[in-house]
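Coordinate-derived values only; no laboratory data. Please read all numbers here as calculations on a predicted model, not as lab measurements. Here the Cβ is made from the backbone with ideal geometry for all residues, glycine too, and neighbour counts use every protein chain on show.
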Amino acid sequence: MGRIPLISGNWKMNLNHFEAIQLLQKLSYELRSHNFDSVEVSVHPPFTNIRSIQTVIDADRMLFKLGAQNCHFEPSGAFTGEVSPAMLKKLDVDFVIVGHSERRGLFGEANEMVAAKASAVFSHGMVPIVCVGESLEERENGQAEVVVEAQIRESLAGLKRDEMSNVVVAYEPIWAIGTGATASPSDAQEMCSHIRSTLASMHAPAAEKVRIQYGGSVNASNVNELMSMPDVDGALVGGASLEAASFARIVGYEDA
Ligand code: 13P
């Protein structure tokens, strides 16, 4: 065991760089250094804010890890509008979310592309947070486990053995994202446990090491119960990460 929980704030397409700095400073004010003793915390601003956030983290010696929300899989080239993993690494980015359901659903990213991105993130010395999750229809048809298992197998295909142990997986059921309809702790646990068995079948040592986050309407009131589940090792937070006080309460869930 010994997995250090990872709580990540996915700011999505919100906040300009002034607003992003303000949020980070408020968050830093709300948290105490002991909050970082037992939990890792990453913030994932839009690309235009990463440089500003990096500078503030660095200047004020903040303990936040820096994250991105996406990247391309090539290191450079004629890919208009894209941002490469090499560029993110140069800004001291630690974690890159890949395969978020909004990227899969709205921008046509399939498992194969997610796999290429996850490998590229690792090969540039960062850690991918690979997102998986079923739709409401898939859950109602009893296909949730089959769908998520296929996403795991295909999105992590091509990772090297050591990478398999270091990847972060985020289980985000699509029906729970931005809806207020959080998965029950037992449903979250059941799927995270299934993900861990799938990982074990792919590379046995990975199973006990990989951190599996739950995401989907996580807030200060439900985080504690979700985090008490044995296979839930963190949270990927959207809406509630945009408000300093609520994200601080999520990060400090152990104090509640
Ligand atoms: P919400 O927390 O707003 O439901 O978003 C979850 C999410 O998509 C995080 O990546």
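Residues that are within 16 Å of the ligand (Cβ to nearest atom), among the charged types (D, E, K, R) and touching a helix residue (DSSP H, G or I) at 6+ places or on another chain (Cβ under 7 Å) within the range 168-198 comprise just one, 172.
When you check residue 112 against the structure, is it surrounded by 15 or more Cβ atoms within 10 Å (Cβ to Cβ) and either more than 16 Å from the chain's Cα centre (by Cα) or more than 19 Å from residue 203 (Cβ to Cβ) (or both), yes or no? Outline the logic, then answer.
Values: surrounded by 15 or more Cβ atoms within 10 Å (Cβ to Cβ): no; either more than 16 Å from the chain's Cα centre (by Cα) or more than 19 Å from residue 203 (Cβ to Cβ) (or both): yes.
No, not satisfied.
Answer yes or no: is there a residue in the range 246-254 that is of a type outside the set (A, V, I, L, M, F, W, C), in contact with a helix residue (DSSP H, G or I) (Cβ under 7 Å, 6 or more places away or on another chain) and more than 11 Å from the ligand (Cβ to nearest atom). Yes, the range 246-254 contains a residue that is of a type outside the set (A, V, I, L, M, F, W, C), in contact with a helix residue (DSSP H, G or I) (Cβ under 7 Å, 6 or more places away or on another chain) and more than 11 Å from the ligand (Cβ to nearest atom).
Remark: pairs (first residue in the range 119-146, without any contact (Cβ under 8 Å) to a residue 12 or more places away in the chain; second residue surrounded by fewer than 18 Cβ atoms within 10 Å (Cβ to Cβ); Cβ separation under 8 Å; 6+ apart in sequence or on different chains) = 138/147. Just for the range 199-218: of the residues that are within 11 Å of the ligand (Cβ to nearest atom) and in contact with a strand residue (DSSP E or B) (Cβ under 8 Å, 6 or more places away or on another chain), which one is nearest to residue 161 (Cα to Cα)? Here the residue is 213.
All of 28, 42, 33 fail the test of being closer than 22 Å to residue 246 by Cβ and surrounded by 20 or more Cβ atoms within 10 Å (Cβ to Cβ), apart from 42. Among the residues of the range 67-94, those identified as more than 12 Å from residue 117 (Cα to Cα) and within 16 Å of the ligand (Cβ to nearest atom) are 67, 68.
For the range 34-66, give me the residue count where each residue is of a type in the set (A, V, I, L, M), in contact (Cβ under 8 Å) with a residue 40 or more places away in the chain and within 12 Å of residue 23 (Cβ to Cβ). Reasoning before the result, please.
Let us first name the residues in the range 34-66 that are of a type in the set (A, V, I, L, M), namely 39, 41, 43, 50, 53, 56-57, 59, 62-63, 66.
Filter once more, so that each one left must be in contact (Cβ under 8 Å) with a residue 40 or more places away in the chain: 39, 41, 43, 50.
Right, trim to within 12 Å of residue 23 (Cβ to Cβ) and you get 43.
Of the residues in the range 34-66, 1 are of a type in the set (A, V, I, L, M), in contact (Cβ under 8 Å) with a residue 40 or more places away in the chain and within 12 Å of residue 23 (Cβ to Cβ).
Counting only residues that are of a type outside the set (A, V, I, L, M, F, W, C), out of contact with any Cys (no Cβ under 6 Å at 6 or more places or on another chain) and closer than 16 Å to residue 186 by Cβ, which one in the range 219-245 is farthest from the ligand (Cβ to nearest atom)? Spell out the reasoning first.
Start the filter on the range 219-245 by keeping residues that are of a type outside the set (A, V, I, L, M, F, W, C), which leaves 219, 221-222, 224-225, 228, 230-231, 233-234, 238-239, 241, 243.
Filter once more, so that each one left must be out of contact with any Cys (no Cβ under 6 Å at 6 or more places or on another chain): 219, 221-222, 224-225, 228, 230, 233-234, 238-239, 241, 243.
If we keep only those that are closer than 16 Å to residue 186 by Cβ as well, we get 222, 224-225, 228, 230.
Details: 222: 11, 224: 16, 225: 16, 228: 19, 230: 22 Å.
In this case the residue turns out to be 230.
Based on this model, can you work out whether residue 12 counts as surrounded by 13 or more Cβ atoms within 10 Å (Cβ to Cβ), more than 30 Å from residue 204 (Cβ to Cβ), basic (Lys, Arg) and touching a residue at least 40 places away in the same chain (Cβ under 8 Å)? Against the criterion (surrounded by 13 or more Cβ atoms within 10 Å (Cβ to Cβ), more than 30 Å from residue 204 (Cβ to Cβ), basic (Lys, Arg) and touching a residue at least 40 places away in the same chain (Cβ under 8 Å)), residue 12 qualifies.
Tally time: how many residues in the range 71-97 are within 21 Å of residue 216 (Cβ to Cβ) and either of a type in the set (Lys, Arg) or in contact (Cβ under 8 Å) with a residue 40 or more places away in the chain (or both)? Let's see the steps before the verdict.
Residues of the range 71-97 within 21 Å of residue 216 (Cβ to Cβ): 95-97.
Subsequent filtering for residues that are either of a type in the set (Lys, Arg) or in contact (Cβ under 8 Å) with a residue 40 or more places away in the chain (or both) retains 95, 97.
Here the count works out to 2.
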